[in-house]
Amino acid sequence: MKKNFTIRQALCMYILLLSWAICIPQGVQAASAGAAAGVPPLVGSIPPPAVGEPDMRGAFVHVTDLAPDALLDIRYYSAYNFVGSRIDGYHAPTAILSRPAAEALARAASAARDRGYVLRIFDAYRPQTAVDHFVRWASDLSDQSTKEIFYPEVDKSRLFDLGYIAAKSGHSRGSTVDLTLVERSSGRELDMGSPFDFFGPISHHGAASLTPEQTANRELLKSIMEKAGFRPYPEEWWHYTLAEEPYPETYFDFPVQ
C-alpha cells in the first residue's frame, strides 16, 4: 500500500468528509430540537420491542453508560464510510453492546486509561438492516465512488469472495466492537498502519508492510482487548468480539438509537 494518497484519493476523501460534516450537525440539531420540545433524545434508550419481538432493554446498553470516556466516531451514522452515505438502521451516532460485552469494554477502557490512552469506537452492535445495506451496495458494481479511499487495490466484484462483505455479521450478535486507541494527552489517534475499514492485506494482523511503531500500536490494542476478554479477528486490526458472547447464534435487527 502506498503511504501517500494520490490527488484523486485526497479529493474523494474531501468529498466524504464534507458529507460527514453535513450529516453530524443534522443529528445534533435534531437532538437539540427534541430536547427543547421536551422529547428525550434518541440516544437515551434502547427502543421498546415491536410486536412479536423480544424486549432487549437491559440486555443491551450504550457503551458510554459503562465507559463514559470512550470517544464515539460512529462511521455508519455518517457518510464517511465505504458506502459513502449513512447506513440504514443507524438513527443516532451512538454505540450499543450486549451488557457483558459493554462491561468487558469498560475494563478495556480502564486499562487504556492507566496507560494514557482512551478508546475510540467506530462501530459496535450493527443491525441486520445495516448489513443488508452493505450487501446491496456491494452488489452494485456501478458505484465505485469510495474505491480510492477504502478498497483501491481490490476489485469490487470480489468483495464477497474475499470476505469483506457478507450476508451476516458478528456485529449483529451484539458483542463485537470496532475501535482504536487515542493518546489522552494529545488527542492523537495511534498509527495502526491502515485506516478503519480499509479493505486489503495491510489491515490484517501481522501484515508484513507495517513499521515497528505500527506493529507495536496494534499489539498494544490487542493486549488491552484480550486481557479484557475479547478475541481479535485476524483480517481486521480494529475488530474484537467478546470471547464468551451471550448470543452466539442470534442476529438482532433493532435500530441503533
The answer for chymotrypsin sites (Phe, Trp or Tyr not before Pro) in the range 146-226 that fall in a DSSP coil and have at most 15 neighbouring Cβ atoms within 10 Å is Phe160
The range 177-257: trypsin sites (Lys or Arg not before Pro) in DSSP loop, at most 14 other beta carbons within 10 Å: Arg184, Arg188
What are the residues whose amide H is under 5 Å from the amide H of Leu72, where those residues sit 5 or more places off or on another chain and H is modelled from the backbone? Ile121
If contacts are Cα pairs under 8 angstrom and at least 6 residues apart, what is the relative contact order of the range 116-257 in percent? 32 percent
Sorted by chain and number, the residues with a modelled amide H under 5 Å from that of Ala95, at a separation of 5 or more or across chains, are Val63, Thr64
Show me, for the range 82-87, the HN-Hα J-couplings you get by feeding each phi into the Karplus relation (A = 6.51, B = -1.76, C = 1.60, θ = phi - 60°), rounded to Hz, glycine and proline as x. 5, 7, x, 7, 4, 8
Starting at the first residue of the range 98-107, write each ³J(HN,Hα) from the Karplus equation 6.51 cos²θ - 1.76 cosθ + 1.60 with θ = phi - 60°, in whole Hz, x for Gly and Pro. 4, 4, x, 5, 5, 5, 5, 5, 5, 5
Val154 versus Val135, label points 7 Å from Cα toward the beta carbon: distance in nm? 1.8 nm
More than 21 angstrom separation, counting every C-alpha pair in the range 150-221; what % is that? 39 percent
Would you please name the trypsin sites (Lys or Arg not before Pro) within the range 55-146 that are DSSP coil residues with at most 16 other C-beta atoms within 10 Å of their C-beta? Arg115
State the Cα centre-to-centre distance between the range 78-135 and the range 177-191 in whole Å. 15 Å
What residues have an amide H closer than 5 Å to that of Asn81, excluding those fewer than 5 places away on the same chain, when H is modeled at 1.01 Å from N in the peptide plane? none
Taking θ as phi - 60°, what are the ³J(HN,Hα) couplings along the range 120-128 by the Karplus curve (6.51, -1.76, 1.60), each to the nearest whole Hz, with x for Gly and Pro? 10, 9, 8, 6, 9, 4, 10, x, 4
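Taken together, the values in this text are just the output of simple stated rules run on the coordinates, not laboratory data. Keep in mind the model is a prediction, meaning the values are calculated, not measured. Counting neighbours? That spans all protein chains shown, and the Cβs are built from the backbone with ideal geometry, glycine included.
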